1. Starting from residues that are under 20 Å from GLY69 (Cβ atoms) and touching a Lys or Arg at 6+ places or on another chain (Cβ under 9 Å), keep the ones in segment 9-20 and report whichever is surrounded by the most Cβ atoms within 10 Å (Cβ to Cβ).
2. Would you mind stating whether GLN3 is among the polar types (S, T, N, Q) and part of a loop (DSSP other than H, G, I, E, B)?
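No lab work stands behind these numbers, since they all come straight from the coordinates. Nothing here was measured: the structure is a model prediction, and the numbers come from that model. Here the Cβ positions follow ideal geometry from the backbone for every residue, glycine too, while neighbour counts run over all protein chains shown.
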Amino acid sequence: MEQIKMRINGMHCGKCVSSVETVLKAMPGVEVEKVEQGEAVIRRDPQAAPDEVIRDALAARGFDLVRSGG
């Protein structure tokens with residue numbers, strides 16, 4: 001498991017934060033540490049949850065993963 005911090009565009013309110021948290025918690029290989037407006041910190045198995053999979057899951061709910069890193 002690796003920890004990554006993600007910048008996420010499209011989060012404007014508490015409901016957005018909750019929605020992003022729900023998406024991330026539902027993903028296999030992802031443990032959510034913190035979600036705040038505009039960012040999230042997660043631990044993930046990079047094989048089970050690569051950036052592209054996370055990006056697509058967030059995009060399906062109207063959010064844009066603009067950067068991820070350790």
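1. In the first step, residues of segment 9-20 are kept if they are under 20 Å from GLY69 (Cβ atoms); the result is 9-11, 20.
Then drop every residue that is not touching a Lys or Arg at 6+ places or on another chain (Cβ under 9 Å), which leaves 10, 20.
Values: GLY10: 16, VAL20: 27.
Among those that are under 20 Å from GLY69 (Cβ atoms) and touching a Lys or Arg at 6+ places or on another chain (Cβ under 9 Å), it is VAL20.
2. Working: among the polar types (S, T, N, Q): yes; part of a loop (DSSP other than H, G, I, E, B): no.
It is false that GLN3 is among the polar types (S, T, N, Q) and part of a loop (DSSP other than H, G, I, E, B).
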